[in-house]
1. Report the gain in length on full extension from His395 to Gln454: 0.36 nm times residue separation, minus Cα-Cα distance, nm rounded to one decimal.
2. Tell me, what is the FRET efficiency for Glu364 and Glu279 to the nearest 0.05, using R0 = 51 angstrom and their Cβ-Cβ distance as r?
3. For Rg and Dmax of the Cα atoms in Å, pick the label among [x] 33.5, 99; [y] 31.9, 109; [z] 35.4, 108 that corresponds to the value derived from the coordinates.
4. Hey, can you rank 509-522, 538-551, 136-149 by average C-beta count inside 10 Å, highest first?
5. Under a 5 Å amide H to amide H cut-off, with H placed in plane at 1.01 Å, what residues pair with Thr583 once short-range neighbours are removed?
6. Residue-wise, which Karplus ³J(HN,Hα) couplings in Hz belong to the stretch 453-458, taking 6.51 cos²θ - 1.76 cosθ + 1.60, θ = phi - 60°, and x for glycine or proline?
7. Would you mind putting 88-97, 579-588 in packing order, based on average other-beta-carbon counts within 10 Å, highest first?
8. Going 7 Å from the Cα of Glu202 in the Cα-to-Cβ direction, what parts of the stretch 154-193 have a backbone nitrogen less than 14 Å from that spot?
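Nothing in this text is a laboratory measurement; each read-out follows from the coordinates by a stated rule. Please read all numbers here as calculations on a predicted model, not as lab measurements. Quick reminder, even Gly has a Cβ in these numbers, built from the backbone with ideal geometry, and neighbours come from all protein chains shown.
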Amino acid sequence: MLNNTASTTSNINTVSSTVPYKKLRQTSLNARKHNVDTLNFKRGIISLARSIAARNLLQNLIVFSDDEVEQDCWFVAAGQRRLMALDYLHRVGAIDDDYPVRVDFIDKADALVVSVSENNDRVDMHLSDLIVSVNELANNGDSVEVIAAKFGYKAYYVRKLMKLANMAPELMQLLRNNKISLNQLIALSITDDHDLQLKAWENCSYDKSPKDLRRLALNEEEPVSDNKYIKVVGIDAYRDAGGEIKHDLFTQHENHGGYILNPSLVQELALNKLQVLAEQVANNEGWSWYGSQERLESWGDDSKRYEFPRPQLEDYAFTTEQQNQLDIIYDKLENVKFAMDEAEELSGEKKWEALRPLSKERNELEQQKSEILDAAEFTKEYKSQRGVIVSIGYHGDIVITRGLMKLVDKASRENKAVKVNTDGTVVPVTQVSAALARSLSCERTLAVQAALLQKPEIALALTVQKLALSVFSAGYHQNPACFTIQETTRTMIEAAPGCEDGEAVKQLRMAKAKWSESLPKGWEDDFTLLTSLGIDQLLELQAFCVAATLDGSVSQYEPKKKSNLQKLEFAMNFDIHEYWKPTAQNLWSRLKKEGMIDQLTQAGVSVNKDEFMAFKKGDAAKRAEQLIEGIKWVPDFM
C-alpha cells in the first residue's frame, strides 16, 4: 500500500491508499441495485470511463475486506459506477490488471451505511452550471475535442452545450429556475435570434411542446387549410394585423388557399382572442379563474393539471321551472325503468316489441334532461372553486370548458402537498413506489383475511358464488374478491416487511395452528373424515381456508383503481384500524422526508417542517411513528 493517510468522518474511520485494479470486486452490500441494467445507466458508465481515461480517477472508491468470501481482494461499498467504468476500460485495453486505483478502506460493518450515504446524498450538477462551465472552457481557448476529452463526453454533445450557452439570457434564467426543460431549450435553439426565441416561448401553447416551439422559432410557412388558428382569428383579422398570405398558381383562386407567411403572428392573435373570450366568460358568469390554451383534453398531461367537471345535481342553481321539469322527467324515467324491468321478463319477439318504444322514450327523456342541465346555472359555491378554459377544437372551433378545478387548488383544499412541474402538471410530493404499493396492499389483504375468520357465512357465500359461476354463467365475471384455490398468506407476509408483528398475522397463525391440530388424521385421502367435525366447525374451517386464499395485492399504485376486495370489505363492515397502524418499518422509512410531512399533515398532525427535515431519514421515520401514535389513520394510497 502506498501513501497511507488516515481520517475519521462521521465516526467512520477510513484509510486512503491505492490497490491494483485486479483486486477489486463488487459486493451485495452496495446499495445501488435498481436501474443498473438500463440503457441510460450503461451509457453513463461509458461516459464516466472516458472521463477517467482523460483525467484519471478523481474520487476514491470506498472498499472493505471480507476474507470469508474471498481473500486478498477488496469489495467496493461505494463507487460501483466508477468500478464499472474501470471494468469497461479494462475490457477495451485502456488499463491493465495492475492499474493503481485510489481507495479509502473501511470496516465491513460500515459498508452499507457508507454506500447508502454516498448514493442518497449525491446531488447532480445542474445543467445550467454545466453549460456555463463548458462555455468558459471554450472561451479560454479549449477546442471542442479537448473539452469532450476532459469531461468524457462525445464531441457533438459538447457542441450542443456550447450552442445552448448562446440562448437568450431570459431563457437561461428559466433553465436555472427549472421553468424550461432541456428539450424545449434545444427546440428554441434552432434560431440564433433571441427575439424569435422569446416570442416563440411566449406565444406557444400551454404545454409548449418542442415540436411547436421549433416551428414557431423557425416561423415556417404553413398552408391556410392546415392552420387551425386562422379559423379562430379569420383571414381578414390576420391581414389587418399585418399578416400576409402567399399564393401560387394552384391556390390563387381559392378563398381559403395559399400559405400563411407569419404563423407565429396568427397563433399569437388566436391565443389572445381565446384569452379575451375566457376573461369575458369568467367575469359574466362568476367563475373564480380563467385561462386559454391551444388544446384541452381530459387525458394525458391536462388530466395532471385539472380535475375535469362532473357536476352533481346539487351543484346547479335551478330555476323553479327547470326544477319542475326535472322532477317530471325523473318520474317518467322511473316509470320507464320499471316498465323495462317487466319487459325483460318476457321472451322472444314480445320482449323486443315491448323494449323498443321504452328504450326510445328513455333516450328522449335523457336528452331533455341534458338540455335542462346545459341551460342551468351553477351555484356560486361551485363556481367559486372552479374556473373556465377556452381552447381550440379538432376542427378549429372554439370550445369553452366550464367547471375545471386546478389540481393545485384541490390539493390545497385536501391538505395535500404537491409538486408543480415546468409544464404545469401536478404530482404528489408523496411518491408511492411499486414495492410500497405491493407491501401495503398485502398488509391490507392479511387484515381482510383475519376479519373473514369471524364471518363464516360470508366465506360460504363466496364459495357458492365461485362454484355457481362455473355452473350457471357462461360469460366472463370478475373473480370475486380475488378468491383463488391457492394459499396466499405466506406470499402476502413475505411482501410486507414488519407485518409479522401485526394483529392480522397473529390471528391467522393462531387459526392455522388450531386447525392443524383439529383436523382428523387421514383427511387428505378421505373427505368423509371431515364430517366428524360437525357443520359449525366445517363452516369455521371453510372460512379460514377461503381467507387464506384471498389475494388483493397490487404491483403498483393506481389512484383511481378500486381494490379487488372492496365488496368483501363492505359486506364485513371491515375496519382496517383494528389490524394495522403505520410504523417506521411498514410505512415511514419507505417515504422521503417530504412525503412523511405530507402524510402527517393529511392525518391532521402539526409538523415543524424545518425541524423535521433536519432529522436523518431513519430518525424522521421514528419521529413520524411517534407523532401518529394513537391516531386512527391510513394513507389514501392504502
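1. Gain in length upon complete extension: 15.2 nm.
2. According to the calculation, E is roughly 0.85.
3. The value matching this structure is [x].
4. 538-551, 136-149, 509-522
5. So Thr583 has HN proximity to Trp588.
6. With the stated coefficients, the stretch 453-458 comes to 4, 8, 10, x, 5, 6 Hz.
7. Top of the packing list down: 579-588, 88-97.
8. 169-171
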